[in-house]
Amino acid sequence: MNTSYIIDAARTPRGRGKPGKGALSGIHPQELFAQVMNALRQRATLDARAVDDVMVGCVSQVGEQGANVARNAVLAAGWPYEVSAVSLNRFCGSRLQAIHFGAMGVASGAMDLVIAGGVESMSRVPMGSDAGGQDGGNLHLRERVFQVPQGISADLIATIEGLSRDQVDALALRSQKNAARAIESRRFAKSLVPVRDPFTGAVLLDREEFPRLDTTAGGLAALKPSFAALGATAAGPAGEALDQLAVAAYPKAGRIEHVHTAGNSSGIADGAAAVVVASERHVRSRGIRPRARIRAMATLGSEPGIMLTAPAPVSEKALRLAGMKSRDIDVWEINEAFAGVVLQTTRALGIDPERVNVNGGAIALGHPLGATGAMLLGTALDELERSDRQTALITMCIGGGQGIATIIERL
């Protein structure tokens, strides 16, 4: 297989995903990704005519994010009509999957240059807009496999792992502090591109909007559990509550301890991010110096009831493909969908917590579903260069019981 190189990575700041309140809520999602594309074109002296495909992950592909948001972003960016584009959905793994597909195209020799990433405007297209629940409203499937909401799954994981409210809050506080340090020392500056009003050119957002820099342990402790009331909701065929259904599948839990809150779960956000993936043939012919190469890519399914435990085994799969061990990874980016997921993954892999999410994560920075994976990869690459380290692994849990992982090596 040919080597897939990472030439550059860029992203918007994350805006608060609240209609009319977040700084990016007035921007069409097509425009968000278009601005990232054009930033890469300018920074990487990218010849748009040489791009073989644009691959965009997006979770809620309906309304403004429907109609092939990728193709319309290419048109909104003013790129040549000949540049093709495709939108794809692997839930929260969508943006990493786009990068994987781009890297596969390059590795196979079928492509030389790909733009891959993701976009999600959660203020304009709310989560779940495109589905009738986690299972799409398929009652026959629901009889076979009952999938509880992800917040219930996160609390189930915390209960089985014996994670206390203090532990998940401590991880959330660490995320906020790490993000604050990263912002203050401008660690995100290399990848960050300002978002402008497409009509006037005025800068709408040039910094992270989501972090709460004044977060304290006491403030986190005062928050009420987010999913306790949901867990008591009757949803089973015989009127069983969601918590009962989860415990029936995992009786060792006994009962679910609801420890996740708005403060230790990922935040709803808007944003876009993209990565330039190129072949060795392309970089040599253009005299380009790549920033990194992709060492391994992996996806994996997991039990859909508990749903969010795949990051550890899919990371192990990626490590096996790369001929590496967890100790060989210098920087870990484990998506902070919920604090319990990060703690469970870190424990299962035996990772030093000081190597995990050193610049904060989705708890502090927000989680624009279709864009986060590409954002994490860019953040990991910037951190490798900043700290003069070599390898990073990016992994995410995925709704429905899946996981995805990518290993990159700095050059």
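Going through R16, R41 one at a time, which residue ends up being surrounded by fewer than 22 Cβ atoms within 10 Å (Cβ to Cβ), over 28 Å from G109 (Cβ atoms) and not small (G, A, S)?
Working: R41 fails: over 28 Å from G109 (Cβ atoms).
Exactly one of R16, R41 is surrounded by fewer than 22 Cβ atoms within 10 Å (Cβ to Cβ), over 28 Å from G109 (Cβ atoms) and not small (G, A, S), namely R16.
Restricting the search to the range 14-52, which residues are β-branched (V, I, T), in contact with a strand residue (DSSP E or B) (Cβ under 8 Å, 6 or more places away or on another chain) and at pLDDT below 95? Break it down into steps so the answer makes sense when it comes.
Step one: of the range 14-52, the residues β-branched (V, I, T) are 27, 36, 45, 51.
Now narrow it down to the ones that are in contact with a strand residue (DSSP E or B) (Cβ under 8 Å, 6 or more places away or on another chain): 27, 36, 51.
Within the range 14-52, none qualify.
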Consider the range 220-253. How many of its residues are in contact (Cβ under 8 Å) with a residue 24 or more places away in the chain, open to solvent by 40 Å² or more (accessible area, probe 1.4 Å) and over 30 Å from the mean Cα position of the chain (by Cα)? 2
Report whether or not L88 is surrounded by fewer than 17 Cβ atoms within 10 Å (Cβ to Cβ) and not β-branched (V, I, T). no
Looking for whichever is closer than 24 Å to G271 by Cβ, open to solvent by 10 Å² or more (accessible area, probe 1.4 Å) and not charged (D, E, K, R) here; the options are G400, G370, G378. Which one fits? G400
Would you check which residues across the range 53-66 are open to solvent by less than 20 Å² (accessible area, probe 1.4 Å) and either in a loop (DSSP other than H, G, I, E, B) or touching a Pro at 6+ places or on another chain (Cβ under 9 Å) (or both) and list them? C58, V59, S60, Q65, G66
Looking only at the range 147-169, how many residues end up being among the charged types (D, E, K, R) and either open to solvent by less than 30 Å² (accessible area, probe 1.4 Å) or in a loop (DSSP other than H, G, I, E, B) (or both)? 2
Any residue in the range 72-92 that is touching a strand residue (DSSP E or B) at 6+ places or on another chain (Cβ under 6 Å), over 30 Å from T309 (Cα atoms), in contact (Cβ under 8 Å) with a residue 24 or more places away in the chain and assigned to a helix (DSSP H, G or I)? yes
The lone exception for S279 - which of (1) open to solvent by 10 Å² or more (accessible area, probe 1.4 Å); (2) more than 17 Å from I404 (Cβ to Cβ) it fails: (1)
Among the residues of the range 93-126, count how many are farther than 16 Å from Q35 by Cβ and assigned to a loop (DSSP other than H, G, I, E, B). 9
Run A110 past the list (1) open to solvent by 30 Å² or more (accessible area, probe 1.4 Å); (2) within 30 Å of L40 (Cβ to Cβ); (3) in contact with a Lys or Arg (Cβ under 9 Å, 6 or more places away or on another chain); (4) of a type in the set (A, V, I, L, M) and report the number of the one that doesn't hold. (3)
Among the residues of the range 270-280, is there at least one that is within 30 Å of V54 (Cβ to Cβ), in a helix (DSSP H, G or I) and more than 19 Å from the chain's Cα centre (by Cα)? yes
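From the set of residues in the range 113-146 that are more than 27 Å from E64 (Cβ to Cβ) and not charged (D, E, K, R), which is surrounded by the fewest Cβ atoms within 10 Å (Cβ to Cβ)? Full working, then the answer.
Of all residues in the range 113-146, those more than 27 Å from E64 (Cβ to Cβ) come to 113, 139-146.
If we keep only those that are not charged (D, E, K, R) too, we end up with 113, 139-141, 145-146.
Working: L113: 25, L139: 9, H140: 7, L141: 13, V145: 15, F146: 20.
Of everything passing the filter in the range 113-146, H140 is surrounded by the fewest Cβ atoms within 10 Å (Cβ to Cβ).
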Test: R11 is open to solvent by 40 Å² or more (accessible area, probe 1.4 Å), under 26 Å from R124 (Cβ atoms), within 22 Å of the chain's Cα centre (by Cα) and at pLDDT 95 or above: no
Inside the range 238-258, the number of residues satisfying the requirement of being within 16 Å of P149 (Cβ to Cβ), out of contact with any helix residue (DSSP H, G or I) (no Cβ under 7 Å at 6 or more places or on another chain) and assigned to a helix (DSSP H, G or I) is 4
For the range 192-220, what are the residues that are under 17 Å from A364 (Cα atoms), touching a helix residue (DSSP H, G or I) at 6+ places or on another chain (Cβ under 9 Å), modelled with pLDDT of 95 or more and in a loop (DSSP other than H, G, I, E, B)? R207, E208, P211, T215, T216
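Determine, yes or no, whether A50 is free of Cβ contacts under 8 Å to residues at least 24 places away in the same chain, surrounded by fewer than 16 Cβ atoms within 10 Å (Cβ to Cβ) and out of contact with any Lys or Arg (no Cβ under 7 Å at 6 or more places or on another chain).
For A50, the condition - free of Cβ contacts under 8 Å to residues at least 24 places away in the same chain, surrounded by fewer than 16 Cβ atoms within 10 Å (Cβ to Cβ) and out of contact with any Lys or Arg (no Cβ under 7 Å at 6 or more places or on another chain) - is not met.
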Six or more apart or on different chains, Cβ atoms under 9 Å: show the pairs whose first residue is in the range 306-332 and farther than 24 Å from G399 by Cα and whose second is of a type in the set (G, A, S) and open to solvent by 30 Å² or more (accessible area, probe 1.4 Å). S326/G350; R327/G350; D330/S387; V331/S387
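The values are calculated or read from the model by the stated rules, or taken from the named source; none is laboratory data. Since we're looking at a predicted model, the values are computed, not measured. Positions of Cβ are generated from backbone atoms using ideal geometry, with glycine treated the same way; all protein chains shown enter the neighbour counts. For the accessible areas, the whole protein counts, side chains as well, though only heavy atoms, and no ligand, DNA or RNA atoms are used. Shrake-Rupley method; radii C 1.70, N 1.55, O 1.52, S 1.80 Å.
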